[in-house]
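The block underneath contains the structure these notes are about, expressed in structure tokens.
The values are calculated or read from the model by the stated rules, or taken from the named source; none is laboratory data. The shown structure was predicted, so the numbers you read here are calculated from the model rather than taken from an experiment. Here the Cβ positions follow ideal geometry from the backbone for every residue, glycine too, while neighbour counts run over all protein chains shown.
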Amino acid sequence: MNQRRITTGPMPVRICSPDQARRDALRRGACACIGAGLSAAGMGAAWANETASQRPVAGDRLVLAGGDEAPRPLAPSDVPLGAKPVQVFPFDAAGGVVRDGSRLNKVLLVRLDPAGLDPAVRSRAADGVLAFSAVCTHQGCDVSEWNEAERALLCFCHFSRFDPARLGQVIAGPATRSLPNLPLKVDSGLLTVAGAFSAAPGAKASG
Ligand code: FES
């Protein structure tokens, strides 16, 4: 934790990280926080901004991109079987923060019949729901479309296609890298992130 101590008289005073400041604010003043002229509320806002840009972590829920002001975590049944992908962002439910501070956090949900998935793929799905980065690995456009005939994710910029049943492998370029996959599980009936992206999301010059 980024925390250190200074002495300003008889009582030591902690200078807290934004994360610590927020937790302290939630504990209603369990410690005195000072630093850079920011109030606890201001540091809490900084913490929220930082959290919104962090990549998804295990335990995050998923909420609709551009959805309601009160984010509603999705269940597997919210993703239609074999249909156009649903665009979502991870949601830090404990902190109440949607991780929409970076477009690299946008995720596509596709639901396939779990019986038709290889075990290695099924293990990263939640009731057949698979999650992928929504940012094309070619030049970074949004991957937003669905090719029904191939059951493939499609980027309209240069028509790369990716196979969700093979963990995002390229069916047709110019992209050369798979779409990063985000492992999911079901927890308390809700879609829940089970780990980190399989690779860094976004485009690379070589892709
Ligand atoms: S940016 Fe997606 S195919 Fe080029």
Quiz item: So which residues in segment 61-99 are crowded, with 19+ Cβ neighbours inside 10 Å and closer than 17 Å to A134 by Cα?
Solution: R61, L62, V63, V79, P85, V86, V88, F89, P90, F91, V98, R99
Practice problem: Note down all Cβ pairs under 7 Å where the first residue falls in segment 151-176 and is in the same structural domain as D118 (by TED's automatic domain parsing) and of a type in the set (D, E, K, R), the second is within 10 Å of the ligand (Cβ to nearest atom) and not in a helix (DSSP H, G or I), and they're at least six residues apart or on different chains. | Solution: R161/L154; R161/A172
Exercise. Among the residues of segment 104-116, write down those that are more than 14 Å from the ligand (Cβ to nearest atom) and touching a Leu at 6+ places or on another chain (Cβ under 8 Å).
Key: V107, L109, V110, R111, L112, D113
Quiz item: Do we find that L184 is modelled with pLDDT of 95 or more, crowded, with 20+ Cβ neighbours inside 10 Å and either more than 16 Å from the ligand (Cβ to nearest atom) or within 14 Å of G128 (Cα to Cα) (or both) in this structure?
Solution: yes
Exercise. Output the residue which, of all residues in segment 187-207 that are at pLDDT below 95 and touching a Leu at 6+ places or on another chain (Cβ under 6 Å), is nearest to the ligand (Cβ to nearest atom).
Key: G202
Quiz item: Taking segment 130-169 as the search range and keeping residues that are farther than 18 Å from K106 by Cβ and within 10 Å of the ligand (Cβ to nearest atom), which one is nearest to the chain's Cα centre (by Cα)?
Solution: R161
Self-check item: Residues located in segment 138-162, provided they are in a strand (DSSP E or B) and crowded, with 17+ Cβ neighbours inside 10 Å
Solution: V143, W146, A152, L153, L154, C155, R161, F162
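To keep it simple, each residue is scored yes or no on (1) more than 17 Å from G140 (Cβ to Cβ); (2) free of Cβ contacts under 8 Å to residues at least 24 places away in the same chain; (3) assigned to a helix (DSSP H, G or I).
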| residue | (1), (2), (3) |
| --- | --- |
| Q87 | no, no, no |
| F91 | yes, no, no |
| G95 | yes, no, no |
| L104 | no, no, yes |
| L109 | yes, no, no |
| A115 | yes, yes, yes |
| V121 | yes, no, yes |
| R124 | yes, no, no |
